[in-house]
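Shown next, in structure tokens, is the structure this report addresses.
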Amino acid sequence: MSNAVKLYQLSRKVHKWAGLILSVFFMFIAVTGLLLVYMIPLGVADELRTGKEASPSQSIPMDKVVSIATSQGLPGVTSVEDIFRIEYRPSANVYQIRFNNSQGVQIDASTGKVLSTNPDYSTFLITLHDGSFFGNWYRYSALTFAGLSLILLSFSGYYMVGYPLYKRLMTRKKAKSLENIAKLSNKDINK
């Protein structure tokens, strides 16, 4: 058996088993990604409210935003360490604060008025999707392995498609060459 055939067979085995194992990771990432895309229509995240129209220079200072957000009496929220992310949305003039425990607060950026205090599961979905929910070992080990394996799957897939095409092309080329040689020999014999 030639080396090319052995490589082709090995490529098929690696492609099959790596694909089966990694499909769990890819399915997980795809499902959480779709949930993130459709989180507002599905009711997973609170819809963005609109604050009083003002320029960004008129926004309240960040320490006041943190003070207002942490004083809302939300369960499990007592200090700045409980904040997952603070986003300023200039189009709505709103600070959107997301806490580690899937709570959310929206504050008017110019007045400091609380516009909404609803559960916001997008924080949970984001941490699931990027792998930080499981810790750095998952993020930097498992997802790196999954990414490198996806590259391997791509190359083995290209080889599995390309090798048979190459073999067919070479067989046709060889047959055409033999056909041409046969035609030339027939001409020589007929002379």
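The values are calculated or read from the model by the stated rules, or taken from the named source; none is laboratory data. The model shown is predicted, which means the values in this text are computed figures rather than measured ones. Every residue, glycine among them, receives a Cβ derived from its backbone with ideal geometry; neighbour counts consider all protein chains shown. These accessible areas exclude ligands, DNA and RNA; they are computed on the full protein's heavy atoms, side chains included. Shrake-Rupley method; radii C 1.70, N 1.55, O 1.52, S 1.80 Å.
General observations
- The listed residue being among the small types (G, A, S), closer than 28 Å to T32 by Cβ and at pLDDT 90 or above, out of A109, A69: A69
- Subset of the stretch 145-160 [of a type in the set (S, T, N, Q) and modelled with pLDDT of 85 or more]: S154
- Neighbours by Cβ (under 9 Å, 6+ apart or cross-chain): first from the stretch 127-150, in contact (Cβ under 8 Å) with a residue 24 or more places away in the chain; second charged (D, E, K, R): L143/D130
- Number of residues in the stretch 109-126 that are over 14 Å from L74 (Cβ atoms), under 29 Å from the mean Cα position of the chain (by Cα) and among the polar types (S, T, N, Q) equals 1.
- Residue match in the stretch 46-57 (condition: open to solvent by less than 50 Å² (accessible area, probe 1.4 Å) and outside any loop (DSSP other than H, G, I, E, B)): no
- For the stretch 11-20, filtering for residues that are in contact (Cβ under 8 Å) with a residue 24 or more places away in the chain and open to solvent by 100 Å² or more (accessible area, probe 1.4 Å) leaves 1.
- Given (1) buried (at least 17 other Cβ atoms within 10 Å of the Cβ); (2) modelled with pLDDT of 85 or more; (3) within 18 Å of F84 (Cβ to Cβ), number of the condition S116 does not satisfy: (1)
- Scanning the stretch 28-37 for residues that are open to solvent by 80 Å² or more (accessible area, probe 1.4 Å) and either charged (D, E, K, R) or modelled with pLDDT under 90 (or both) returns a single hit, V37.
- Checking L152, L143, L148 one by one, the residue that is open to solvent by less than 60 Å² (accessible area, probe 1.4 Å), within 21 Å of the chain's Cα centre (by Cα) and not small (G, A, S) is L143 and no other.
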